[in-house]
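**Q** Mind looking over this structure? Questions follow.
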DNA sequence: ATACTTAAAGACCTTTTTATCCTTTAACGA
DNA sequence: TCGTTAAAGGATAAAAAGGTCTTTAAGTAT
Ligand code: FES
Ligand code: FES
């Protein structure tokens, strides 16, 4: 698909954390993985990466877990995507040419730009927190019921 | 990226064939792969699939090779994508939920629809032949120079 | 202090994708 | 009809993605 599996899980985990954690309210890896319907250990590995990149906060020890602070909830989703999948989907050529450029464009280049910038815009203007709102109001979901 | 490597090669091969073959004018696998900058044997595999699905024509034996007839040149690029990668990118959930639906949408669903339908439209309205034109006129390319 | 809980880290395994090679089959020309 | 040629197809290999498990160490409560 569009994003790697790891990236899909990352976005879902981040949105879930935004809706269910905060300063002083932590969530453990078992809860996160089961609530977003993702493999536990794999999710842990992904959260490690996000934590190292400061997109997610964590606390070890008793009653430890993961959480998002106010700043992190305000981050655009594109930050998560780039942290996990890199920026190739936003900058690379859709037909796999070594680089996407105006000077030597592939046959799809011009039409592609519109779609790609639409995607970029969507992920830039959507913050993790804003997406979490629809989750909290029950109008969106993170796993099949 | 957006498409699998196999799919990228498939699209490039199809566009190249549209520009460089026709009834009576065949192109061999070595030419195709070198002109689109793709691994030879892998390209052969992919063309086998496209041939079996009648998106590409082939001729065995002496002076054999691959070609596209008029009808095949008129096919939309989306046919190639679906033949190789399936329709998940057009119908599946962007966050990897088991299914994309209005009833149980993921938090990105609504914004995603626009991007996805933009992509679908782009690939549906672009025929292989039409993309080949920009190649023939030298205003687009299929590999890094 | 220490015992316990939990995230961090990393080794390991499985599956899928990407890529190569080699044998078989079919078409065609001489 | 024989030999050449090129696609078809199967089998294999390497690499990347996806997923699991075990060990380590940080922090907390007691
Ligand atoms: S060159 Fe292919 S998308 Fe820009
Ligand atoms: S449910 Fe996620 S894109 Fe439609």
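Values in this text are rule-based calculations from the coordinates and carry no lab data. These numbers come from a predicted model, not from an experiment. Virtual Cβ from ideal backbone geometry, glycine too; neighbours counted across all protein chains shown.
**Q** Using only Cα positions of the protein assembly as shown, each an equal point scatterer, no hydration layer, compute I(q)/I(0) via Debye at q = 0.07 Å⁻¹ and quote the log10 values to two decimals.
**A** Debye output, listed in q order: -0.33.
**Q** Expressed as a rounded percentage, what relative contact order does chain B have, with Cα pairs under 8 Å and six or more residues apart?
**A** 30 percent
**Q** Please work out whether region A:14-53 counts as rounded, prolate or oblate from its C-alpha gyration tensor, where a ≥ b ≥ c are the square roots of the eigenvalues and a/c under 1.5 means rounded, while otherwise a/b larger than b/c means prolate and anything else oblate?
**A** oblate
**Q** Want the number for residue A:117 to residue A:87: 0.36 nm per residue separation, take away the alpha-carbon distance, what's left?
**A** My answer for the length gained is 9.5 nm.
**Q** Using only the alpha-carbon atoms of chain B as identical scatterers, what base-10 log of I(q)/I(0) does the Debye formula give at q = 0.08, 0.21 Å⁻¹?
**A** With no solvent term, the Cα-only Debye profile gives -0.25, -1.26.
**Q** Express the relative contact order of region A:68-145 as a whole percentage, based on alpha carbon pairs under 8 Å and six or more residues apart in sequence.
**A** That works out to 41 percent.
**Q** Testing the spin-label approximation: label points 7 Å from Cα along Cα→Cβ at residue B:51 and residue A:45. State their distance in nm.
**A** Output for this residue pair reads 3.9 nm.
**Q** Which whole number gives the average, over all residues in A:131-143, of C-beta atoms from other chains lying within 10 Å of the residue C-beta?
**A** 4
**Q** Taking only DSSP H segments of four or more residues, each worth -39500 (n - 2.57), what value at 222 nm results for chain A once the sum is divided by all its residues, to the nearest 500 deg cm²/dmol?
**A** Result for chain A: -16000 deg cm²/dmol, rounded to the nearest 500.
**Q** Which distances, shortest first and in nm, link residue A:24 to the matching position in the other copies, using label points set 7 Å out along Cα to C-beta?
**A** Values, ascending and in nm: 8.4.
**Q** Another question, if that's okay. Please compute the length gained on full extension between residue B:101 and residue B:4, using 0.36 nm multiplied by the number of residues separating them and subtracting their Cα-Cα distance.
**A** So the extension gain works out to 32.5 nm.
**Q** Quick one: label points 7 angstrom along Cα→Cβ at residue B:101, distances to the other copies in nm, smallest first?
**A** In nanometres, ordered from closest: 4.8.
**Q** Let me ask something else. What whole number of Å gives the distance from the Cα centroid of region A:77-100 to the Cα centroid of region A:108-141?
**A** 15 Å
**Q** Between copies, how far apart are the residue A:125 label points? List them in nm, one decimal, shortest first, with each point 7 Å from Cα toward Cβ, please?
**A** Here the equivalent label points are 2.0 nm apart from this one.
**Q** How crowded by other chains is B:113-124, given as the mean number of beta carbons from other chains within 10 Å of each beta carbon?
**A** Taking all residues of B:113-124 together, the mean is 4.
**Q** Work out the mean other chain Cβ neighbour count within 10 Å for the residues of B:5-13 and drop it here as an integer.
**A** 3
**Q** If you count, for each residue, the other Cβ atoms within 10 Å and average over each peptide, how do B:121-134, A:91-104 line up from highest to lowest?
**A** B:121-134, A:91-104
**Q** Calculate how steeply helix A:109-125 sits against the longest principal axis of the alpha-carbon atoms of chain A, using the helix alpha-carbon long axis, and give the answer as 0 to 90 degrees to the nearest 10.
**A** Value to nearest ten degrees: 20.
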